[in-house]
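Structure first, then comments.
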Amino acid sequence: MSLPLTDTQAEELLDRYNETDSLRKHGRAVRGMMRHFAVLYNEDPEYWGQVGLLHDIDYEKWPDEHCHKTPELLREAGYDDAFIHAVISHGWPVCSDQEPTLTMEKVLFACDELTGLVTAAVLMRPDHSVLTIEVKSVKKKFKSKSFAAGVDRDIINQGAEMLGVDLDYLIEGTITGMRDVADEIGLVGEPAPAEGEPAPAPGAGESA
Ligand SMILES: [Fe+2]
């Protein structure tokens, strides 16, 4: 499995077609998640990472053709059919007829939405940090259907079933992968100040 672009060139490609900060960060969050699962499954983190980074490449400019414009953009950049299949199968069955078959594809299918849920859950926290969020609080948000209602829970459950793993495993892996790129996706956050006290300086650690 070879890649035509370096990670930096792949970032430039994503950013060329996506000007929205949230979409750029989403791509990078999904890359972090995919790299982490690649390590868990003893696969290639760089390859899985680029599949994650570029999975929504056509979304900003062609939202009505999501996953349909992607093959053209990726082929033009030198990516092969296997890579393109991996990317577009995340939209199955809604905007792609390509079903996820490889483990890499099933992970992307399951955890793309989960990455969005973790991001929304982190932003609700006083410290805005992915470094401190726990599996149980994401699971609680998962069960609360009104929270981040755009996140399709059925797809996440279906993905877990495809992979033969439970929801906790996917949530934990997604959080860990996003922690690895917390800085890049703007989710390092800052310690929440105690009532009536100014916020401690970043990196000051916990006070006694
Ligand atoms: Fe996505």
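The values are calculated or read from the model by the stated rules, or taken from the named source; none is laboratory data. Since the model is a prediction, treat every value here as computed from it, not as a measurement. No Cβ is skipped: glycine too gets one built from the backbone with ideal geometry, and neighbour counts run over all protein chains shown.
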- Message: If residue 74 satisfies all but one of (1) assigned to a helix (DSSP H, G or I); (2) away from the ligand (no atom under 16 Å from the Cβ), what's the number of the condition it fails?
- Response: (2)
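Quick one: is residue 54 away from the ligand (no atom under 11 Å from the Cβ) and crowded, with 17+ Cβ neighbours inside 10 Å? Steps first, answer last, please.
Values: away from the ligand (no atom under 11 Å from the Cβ): no; crowded, with 17+ Cβ neighbours inside 10 Å: yes.
In short, no.
Considering 16, 28, 24, which residue is away from the ligand (no atom under 15 Å from the Cβ) and either charged (D, E, K, R) or not in a helix (DSSP H, G or I) (or both)? Give the steps one after another, and end with the answer.
On the way: 28 fails: away from the ligand (no atom under 15 Å from the Cβ); 24 fails: away from the ligand (no atom under 15 Å from the Cβ).
Criteria check complete, one pass: 16.
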- Could you check residue 39 against (1) assigned to a helix (DSSP H, G or I); (2) within 16 Å of the ligand (Cβ to nearest atom) and say which number it fails? (2)
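Go through region 26-54 and report how many residues are of a type in the set (Asp, Glu) and in contact (Cβ under 8 Å) with a residue 60 or more places away in the chain.
Summing the residues that are of a type in the set (Asp, Glu) and in contact (Cβ under 8 Å) with a residue 60 or more places away in the chain in region 26-54 gives 1.
At pLDDT 95 or above, buried (at least 18 other Cβ atoms within 10 Å of the Cβ) and more than 24 Å from residue 10 (Cβ to Cβ): which single residue out of 122, 181, 118 fits that description?
Values: 181 fails: more than 24 Å from residue 10 (Cβ to Cβ); 118 fails: more than 24 Å from residue 10 (Cβ to Cβ).
One residue alone meets the criteria, 122.
With of a type in the set (Gly, Ala, Ser), surrounded by fewer than 22 Cβ atoms within 10 Å (Cβ to Cβ) and modelled with pLDDT of 95 or more as the only criterion, which of 32, 78 stands out?
Details: 32 fails: surrounded by fewer than 22 Cβ atoms within 10 Å (Cβ to Cβ).
Only one candidate qualifies: 78.
Does residue 57 satisfy the criteria of being in contact with a helix residue (DSSP H, G or I) (Cβ under 7 Å, 6 or more places away or on another chain), of a type in the set (Val, Ile, Thr), over 30 Å from residue 168 (Cβ atoms) and part of a loop (DSSP other than H, G, I, E, B)?
Working: in contact with a helix residue (DSSP H, G or I) (Cβ under 7 Å, 6 or more places away or on another chain): yes; of a type in the set (Val, Ile, Thr): yes; over 30 Å from residue 168 (Cβ atoms): yes; part of a loop (DSSP other than H, G, I, E, B): yes.
Judged against the criteria, residue 57 is a match.
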